[in-house]
Amino acid sequence: ADPQTEIVLVQSKTSTIAILKCLGAPARAIFALYLSLILLLALGGVAIGVFLGSLAPFVAAGPLAANFALDLAPALYPQPLLLAAGFGLLTALGFSLPALMRARDLPPGQLFRDMLESRGAGWRRRLREARGWGDLLLMAAVIAALIGLAFASAGDPLFAGWFVAGALATLVVFRLLATGVRAGA
């Protein structure tokens, strides 16, 4: 996870995390606190999305029937709503974990320095040193769960495979473009 693309909540709380570390708060407690906060925010977003998604069939049935001659029965569809909630929570977890792991593992002095100076190539080395096998396994589990959910929700495994490959390729392309823009700037 690139510090420039870290989740904004963790980035904005870097000074608070550094102060908590200086006051003796255990790194695991800080990690658990901010992970809980992120998951609560994600649950709020997912709840709003599921609520709006549950209204969509009722709102769209009339216009779809009038414009496309589709006879749709508006109803509540729990399976797609649960699937969307799962994707939302896993995505929030996947994007927040690298930033949380970095903040957990860096010493408070480095967190303070990171707030004051621009981050250079040294952050990659620090991130590799700070992350253990447990963190990598946790990230792999989140990614595997997202991929598994994509395959489980698709009717055609070939389609799901192309979707997953396309999503991964898009992440690589965006990463390369961000590196190019940063180098050009």
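Readers should treat all values here as calculations from the given coordinates under stated rules, not as data from a laboratory. Fair warning: this is a prediction, and the values are worked out from it, not measured in the lab. Please note: Cβ atoms are built from the backbone with ideal geometry, for glycine as well, and neighbour counts cover all protein chains shown.
I'd like the distance between the alpha-carbon centres of the range 9-87 and the range 150-174, rounded to an integer number of Å. Each part's Cα centre sits 21 Å from the other's. Each label was represented as a point 7 Å from its Cα along the Cα-to-Cβ direction; for residue 182 and residue 143 these points are 1.8 nm apart.
Taking a point 7 Å from the Cα of residue 91 along the Cα-to-Cβ direction, the residues of the range 36-75 with backbone N closer than 19 Å to it are 38-57.
Considering the zone a paramagnetic label at residue 165 would reach in this model (a point 7 Å from Cα along the Cα-to-Cβ line), which residues of the range 134-151 have amide N under 17 Å from it? Only 147-148, 150-151 fall inside the zone, counting backbone N under 17 Å.
Quick one: length gained pulling residue 73 to residue 15 fully straight, 0.36 nm per residue minus the C-alpha distance?
On the way: separation 58, 0.36 × 58 = 20.88 nm, distance 5.26 nm.
Length difference between fully extended and current span is 15.6 nm.
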